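What follows draws every value from the coordinates through simple rules; no lab data is involved. This one's a predicted model, so the numbers in the text were calculated from it and none came from an experiment. For neighbour counting, all protein chains shown are included, and Cβ atoms are generated from backbone atoms with ideal geometry for every residue, glycine included.
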């Protein structure tokens, strides 16, 4: 029986064959053959190939190459499906990386100075204690949310402490989240300064005005678009990319330390000392040592937006959220401790603040890539905490952020973002 490829069928097909031409079948095979119908039924002559150049006397049909477009669309759908499979909405990867993204920010570059203040041993003990307490606190939050079917901190305060406590909790969360967003804008500006200070860039870009202009560009192109989506879970991709860049930056810091200051500073270890003392000390002394716990605690804060992350889970439960929180805190522990440890061993007593200006990204492209990745990470953190700020305001005034009109949501987020930008540009010491 003659067989014909079936890219397209300009003549009617037998009914029993039409049932087999499903969308899935067309994608599975580039060529499909079928038995020829009788000439009386209007079938093609033997050997004719529809939509294929070189057929016996047949002209090329306009839609003959449609399968190429279908292949491209199929490839795009396959890529999107693959990414969604790797980072499913509300899954473990999404939850872990969103929680980690809230914690990790530009403050990670200040941890070597905290190790200089508190000592090398305490730079390990402080984070370990904070991780355990953080996981316990996230467990308590999830337990209350599940028990009382809550959707926000303000609702939790209303149920547990009364209506007045709900307003207080809302205002505190707004101040905390908004202040963090301002800090992220300032951090982006600081990273741009570190990148440009030793470069051949025009003097205008190195000036305060030029830095503000560049920061405005980053905010407009990268930070503002991320606050437009309504749900935190929509940021899972950018959060994942940002955390991967943070691990890359940690690796660069470790390699830089091992190839520069560590071999010399490791020979100057002392039991105790102050930040200005020469060498490396295991335990800090003086008033400066008290600052170290606060700096490390700030590096693990993620509670402000934890309920939003919990609510975005596909199958929220106390056990599952606690487990994911432990994974997230473990990732943050590795990042923070490694950065503090090797950053301190690299620069010793010279590091009294952020290590950001102590590297030269222009002559060291690996550092440049890490700085750019850190900017990506800051954009993700900015968006997540801006959601927490928005929800705090809505809950204080009695509005539901999930049912608010989309245009109103966009207007509120744009206004909040503009205020945060202005504060970050003109009040850098807030």
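A compact table of results
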| quantity | calculated |
| --- | --- |
| Length-normalised contact order of the range 94-426 in % [C-alpha pairs under 8 Å, at least 6 apart] | 43 |
| Length released on extending from residue 269 to residue 121, taking residue separation times 0.36 nm less the Cα-Cα span | 52.1 nm |
| Cα-based shape type of the range 85-220, given that a ≥ b ≥ c are square roots of the gyration tensor eigenvalues and the cut on a/c is 1.5 | prolate |
| Ranking of 267, 377 by count of other Cβ atoms within 10 Å, fewest first | 267, 377 |
| Rg(Cα)/(2.2 N^0.38 Å) for the range 94-426, N = residue count | 1.02 |
| Cα gyration tensor shape for the range 326-412, rounded if a/c is under 1.5, else prolate or oblate | prolate |
| Stretchable slack from residue 407 to residue 422, in nm (0.36 nm times residue separation minus alpha-carbon distance) | 3.1 nm |
| Burial ordering of 126, 167, fewest other beta-carbon atoms within 10 Å first | 167, 126 |
